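Inspection log for the structure reproduced underneath, given as structure tokens.
The values are calculated or read from the model by the stated rules, or taken from the named source; none is laboratory data. Keep in mind that this is a model prediction, so the values were computed, not measured. Cβ sites come from the backbone with ideal geometry, for glycine too, and all protein chains shown count toward neighbours. Accessible surface areas use protein heavy atoms only, side chains included; no ligands, DNA or RNA. Shrake-Rupley method; radii C 1.70, N 1.55, O 1.52, S 1.80 Å.
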Amino acid sequence: MNIHRQALKTEISSLQNVESDKVYFSILVENTLNMAIYNVSIKTFIQNLQKTHKESEIQIITFNEEVLQIFEFDQQPIFLRDSIKEIKFSKTSNKANFGLALQECYKNIESCRSDSSISHIIIFSSGISSDDSSDGLIEIMSLENNFIYGIAGCGEEGVKNLQTLLPDIVVIPLSKNATKDISKLISSSDLNSEQGSINCPINIEVFPHTNETQSIKDDLYLDIVLKPDGNTSCIPSGSKIKFLPNKYYSGYTIQIKNDILFGFPYEETIRLEYKKGQIEKSQFQNFPSRIEFNIELSNDKENIIGGFVWLNICYFLGDLKSKYRVSIGVEGGIGNGKSTCLNGFVNLFNPTFDFIEYFIANRSKGDHVTRSVDCTSLKEILQSKYDIHPVQESFKDIDIVWTDTWGFVDTDVELKHKVEGRIHHGTLKNDCIIQLPNEKYRIDCFIFVVSIRNFSDATAMLKIEKKIKEVIQVGITPLMAITFVDSLTKNVFQELLKKVNELSIQQSNTFIINNYTENETTKDISKDIQYLRLLTKAVQLCKIKNEKDFITQSKNQNLTPSKSKETSFLQSTINNYISPIKQSTTEHQQQQQQQQQQQQQILSIEPKVITVIIDIIQDINSEKLLQTFEIEAILDHTFLELKEILKNEIDPNINISDWNLTKENGTILLDSSKLSSVCKNLTIDSLKLVLKKKVKL
């Protein structure tokens with residue numbers, strides 16, 4: 001057990017009746033002229049609702065001057081997509097019979113659901129009613145286990161009008177991301193409903209099993225402490241606490257064998273296994289913000305208490321550890337979100353749930369423009385910003401320095417000077433002086449922060465491309481973070497994103513980042529995971545560069561003769577010049593060959609690291625893709641060694657000899673051959689292979 005520990009945030013979220021296995025969704029859509037601009041958002045929400053609640057039943061009712069039931073509760077979900085197409089918005093009228101729509105909704109719910117069922121009614125409306133809605137609302141409110149949500153179009157005025165029609169019911173504005181907004185609304189409404197004030201007889205505390213930050217790909221160990229609350233004398237034997245599986249971790253069930261008495265807490269360490277076989281991108285996308293659990297009491301089997309444990313990203317930073325100092329420069333145009341991106345990186349190490357802004361010191365009052373070079377180390381930030389927290393002790397092996405600077409200007413110096421450490425901390429934009437190299441200010445990796453809007457600006461794209469090429473010329477792989485993507489519609493975003501191919505940067509080194517806004521004061525793990533994915537890639541590139549630099553330095557030290565050797569060599573040269581006996585041509589050639597062999601031996605130890613993307617195909621006949629992996633490998637690896645690496649990722653128990661590694665064209669690669677045999681061009685940094693199950697004869 002972890003003695004010096006701090007509990008993770010835990011919440012009891014819901015009370016479910018085991019007999020209530022049916023959930024009904026009623027979607028009321030005002031299809032007037034006023035609401036026509038929300039056509040796509042509303043239809044997208046309905047499609048997503050059906051995907052995420054496949055076991056639920058849905059009805060759709062549209063209302064303007066006419067009230068129509070577009071989709072009925074008892075119809076098959078497979079027909080829902082066709083029914084959505086029948087939602088037609090008026091091109092002339094803004095009349096809406098809101099009251100009749102509520103009455104139609106009540107009649108349909110009452111005819112098919114039981115008292116134990118749960119009903120969610122989601123109303124899309126501009127807040128205008130052409131008839132009296134009071135009777136319909138009273139009928140709807142009389143239903144048991146019923147929740148109503150108002151989603152208003154037409155801005156603030158629409159919210160105000162709809163709130164008048166739906167008093168005492170939460171109303172939110174309809175945004176471009178209706179699915180996300182309504183999901184939050186449903187969650188908050190459940191918590192604030194009568195069912196939200198749950199008397200849970202179990203006090204549950206959850207602690208990280210260790211204060212050591214771990215890799216995101218490790219199994220998750222948690223210490224669970226159970227004890228009766230103040231109003232309960234014991235937790236009965238036979239009760240269960242089920243930690244539910246998700247896309248990232250397996251589940252776990254704690255079975256209470258003996259009564260847990262008040263004053264005698266029960267502790268157990270649980271292991272949630274990381275689900276192997278996830279490719280790098282989906283691995284980060286699937287990482288959960290919380291672990292859900294159910295409490296099943298043996299003396300109250302009719303009800304299940306639901307809850308969840310909030311995870312903090314600072315416990316999953318193990319992949320950022322390095323034996324070298326890692327220096328990352330952040331570049332980009334003015335107002336593209338460089339400093340905001342840096343604040344996102346810093347808050348990964350924040351053990352609290354509050355978002356803290358650090359990179360603001362060198363801005364002028366009232367604006368968000370960086371005017372000088374700011375080189376700041378993680379250790380300085382932790383010492384100045386955060387109270388001592390147990391997990392911080394494990395950050396000692398994470399030595400990261402970030403460099404913030406002003407936006408691109410035509411008079412900027414070349415980035416090679418930053419790589420050499422010639423642009424020092426505190427250098428002003430209007431007085432940028434190239435100084436003597438300083439190891440403290442050198443940069444190993446560059447992240448270009450680019451607003452998605454810049455992709456439609458030819459001048460901005462030329463500046464970005466110029467800077468990217470400067471980085472490539474000094475042997476550094478550039479990374480790009482694309483920001484402000486949430487400000488565009490999906491179609492516009494996809495169209496602009498195609499222009500990434502115009503830049504000299506690989507698609508695998510391009511990352512979408514949803515930066516925090518000024519109004520956000522609480523950390524969002526869905527955003528934190530984007531920052532972690534980008535920072536992990538940057539640290540990996542820095543490790544490779546530092547390793548190469550170290551080997552190059554070692555090579556130079558081995559090849560450079562000492563001062564005493566220089567003297568003796570000079571003396572021997574003089575002697576040879578004076579002496580009539582000259583060195584033979586054969587001896588001179590032998591010395592040259594020895595020097596060349598020595599150089600080749602030193603160069604041969606330099607590791608050539610490459611990203612290998614491998615598709616897994618189990619069924620040879622159908623060629624159906626099973627999974628995709630992305631691993632780091634060295635050119636000296638044999639294909640058998642690659643298969644062994646894959647075996648550990650997929651399933652350690654499989655027989656890897658039953659599988660073949662092949663090229664994309666199907667050519668089988670011999671186990672004894674090396675990766676370098678298929679890398680004719682040694683400048684490439686990624687390769688695509690296929691792992692296929694052998695055909696059994």
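Among residues that are at positive phi, crowded, with 17+ Cβ neighbours inside 10 Å and either in contact (Cβ under 8 Å) with a residue 12 or more places away in the chain or not acidic (D, E) (or both), C154 is included. When the residues of region 504-515 are narrowed to those that are under 10 Å from T483 (Cα atoms) and part of a loop (DSSP other than H, G, I, E, B), which ends up most open to solvent (accessible area, probe 1.4 Å)? Taking the candidates together, the pick is N514.
Filter region 285-342 down to residues that are in contact with a Lys or Arg (Cβ under 9 Å, 6 or more places away or on another chain) and among the hydroxyl-bearing types (S, T, Y) and give me whichever is farthest from C234 (Cα to Cα). Among residues in region 285-342 that are in contact with a Lys or Arg (Cβ under 9 Å, 6 or more places away or on another chain) and among the hydroxyl-bearing types (S, T, Y), the one farthest from C234 (Cα to Cα) is S327. Restricting attention to region 411-425 and to residues that are among the β-branched types (V, I, T) and within 21 Å of T376 (Cβ to Cβ), the residue that is surrounded by the fewest Cβ atoms within 10 Å (Cβ to Cβ) turns out to be V413. Within region 233-259, residues that are more than 29 Å from F316 (Cβ to Cβ) and open to solvent by less than 70 Å² (accessible area, probe 1.4 Å) sit with their Cβ atoms under 8 Å from residues that are part of a loop (DSSP other than H, G, I, E, B) and among the β-branched types (V, I, T), at 6+ positions apart or across chains, in these pairs: I235/I256; P236/I256; S237/I256; G238/I256; S239/I256. Quick one: would you say Q47 is open to solvent by less than 70 Å² (accessible area, probe 1.4 Å), at pLDDT below 90 and not in a loop (DSSP other than H, G, I, E, B)? Judged against the criteria, Q47 is a match.
Somewhere in region 130-137, is a residue in contact with an Asp or Glu (Cβ under 9 Å, 6 or more places away or on another chain) and either closer than 21 Å to Q59 by Cα or modelled with pLDDT under 80 (or both)? Break it down stepwise before answering.
Let us first name the residues in region 130-137 that are in contact with an Asp or Glu (Cβ under 9 Å, 6 or more places away or on another chain), namely 130, 136.
Now narrow it down to the ones that are either closer than 21 Å to Q59 by Cα or modelled with pLDDT under 80 (or both): 136.
Yes - at least one qualifying residue is present in region 130-137.
Restricted to region 454-490, and to residues that are in a helix (DSSP H, G or I) and under 22 Å from the mean Cα position of the chain (by Cα), which residue is nearest to K338 (Cα to Cα)? The qualifying residue nearest to K338 (Cα to Cα) is V485. Applying the selection to region 114-142, what residues are open to solvent by 20 Å² or more (accessible area, probe 1.4 Å), under 16 Å from I27 (Cα atoms) and not in a helix (DSSP H, G or I)? I118 - this is the single residue of region 114-142 that is open to solvent by 20 Å² or more (accessible area, probe 1.4 Å), under 16 Å from I27 (Cα atoms) and not in a helix (DSSP H, G or I).
Where residues in region 426-459 are open to solvent by 20 Å² or more (accessible area, probe 1.4 Å) and in contact (Cβ under 8 Å) with a residue 60 or more places away in the chain, which of them is nearest to F511 (Cα to Cα)?
Pass one, region 426-459, residues open to solvent by 20 Å² or more (accessible area, probe 1.4 Å): 426, 428-442, 453-454, 456-459.
Cutting the leftovers down to in contact (Cβ under 8 Å) with a residue 60 or more places away in the chain gives us 440-442, 454.
On the way: K440: 28, Y441: 26, R442: 24, N454: 15 Å.
This residue is N454.
Within region 515-550, how many residues turn out to be more than 10 Å from the chain's Cα centre (by Cα) and within 30 Å of V419 (Cβ to Cβ)? Residues that pass the stated criteria total 18.
Which members of region 658-675 meet the condition of being surrounded by 15 or more Cβ atoms within 10 Å (Cβ to Cβ) and either on the phi > 0 side of the Ramachandran plot or not in a loop (DSSP other than H, G, I, E, B) (or both)? Give the derivation first.
Within region 658-675, the subset surrounded by 15 or more Cβ atoms within 10 Å (Cβ to Cβ) is 659-662, 669, 671, 674-675.
Matches in region 658-675: W659, N660, L661, T662, K674, L675.
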